[in-house]
Ligand SMILES: C[S@@+](CC[C@H](N)C(=O)[O-])C[C@H]1O[C@@H](n2cnc3c(N)ncnc32)[C@H](O)[C@@H]1O
């Protein structure tokens, strides 16, 4: 049975794209990034675990690769969750995790980033791989998505974003955009048969924020210590941002007797 919330999600603009592409989604990703996407997610997973969190979320987990990398690297006892609004993606994630997560349990949950099904401050680390662009690029709910990330992150908790970026050097930037608009679009279309999905991917990546712009957006939203590490000539990068203390907060250590 489809409930009201389900119906609302189905009507969202990008939802159709992400329920249509999963069959060849992983293969296309590996081909268009020359296999480097695996390495980028692994680096992001390490970053998600760097401050020894107890509860980690893979937001917009898709077919689960970031969550699976985190599961393979995490200490026992870390609670792992993945959330996405595409049921076909979640079905693949669940199957893959059974084979690849080294027996670690990942709870894959259906939910929308504009109304996440978790309590305030629940996670101390949130990773987002190649989905922050979907949540923010020309998305009327961009602010709402960022506010939700902040709501479910504990104070001092970390948000790790691995995402396409804009190379600083003009020549490399131009080549990157050509690569996106011809190779990524053409190959994605050919392999998946979904023209719209790969047109959207190529255009949104070519027009997405520079690292400086995105750092500014995160800082303005309420994150501190926002950093960016460029990867592969700056075509991709990893952002790390920490949720700030609320205004007026001052830490007073307990007196020891
Ligand atoms: C480009 S895929 C990235 C998937 C995965 N994180 C990866 O690294 O391959 C974007 C994912 O975000 C999900 N997504 C997009 N908008 C969403 C939203 N508002 N709420 C929940 N999931 C969303 C899509 O269903 C899709 O699985």
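The values are calculated or read from the model by the stated rules, or taken from the named source; none is laboratory data. This is a predicted model, so every value here is computed, not measured. Ideal geometry is used to build each Cβ from the backbone, glycine not excepted, and the neighbour counts take in all protein chains shown.
Looking across segment 196-233, the residues that are out of contact with any strand residue (DSSP E or B) (no Cβ under 6 Å at 6 or more places or on another chain), more than 16 Å from the ligand (Cβ to nearest atom) and part of a helix (DSSP H, G or I) come down to 212, 213, 214, 216, 217, 220, 221.
Table: residues versus (1) over 28 Å from residue 231 (Cβ atoms); (2) surrounded by fewer than 18 Cβ atoms within 10 Å (Cβ to Cβ).
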position	(1), (2)
75	no, yes
88	yes, yes
130	no, no
133	no, no
136	no, no
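Residues of segment 210-220 that are surrounded by fewer than 18 Cβ atoms within 10 Å (Cβ to Cβ) and within 14 Å of residue 242 (Cβ to Cβ): 215, 219. Being over 24 Å from residue 144 (Cβ atoms) and in contact with a strand residue (DSSP E or B) (Cβ under 8 Å, 6 or more places away or on another chain) is the requirement here; does residue 236 meet it? Yes; evaluated as a whole, the condition is true for this residue. Of the set (1) at pLDDT below 95; (2) under 18 Å from the mean Cα position of the chain (by Cα); (3) surrounded by fewer than 16 Cβ atoms within 10 Å (Cβ to Cβ), all apply to residue 39 but (1). Only residues that are in a helix (DSSP H, G or I) and either near the ligand (Cβ under 7 Å from one of its atoms) or under 15 Å from the mean Cα position of the chain (by Cα) (or both): list them for segment 57-106, please. Residues satisfying the conditions are 65, 66, 67, 68, 69, 70, 89, 90, 93. The helices (runs of 4 or more DSSP H) located wholly in segment 107-195 that include 2 or more residues which are within 10 Å of the ligand (Cβ to nearest atom) and either at pLDDT 95 or above or touching a strand residue (DSSP E or B) at 6+ places or on another chain (Cβ under 9 Å) (or both) occupy 132-136, 142-152.
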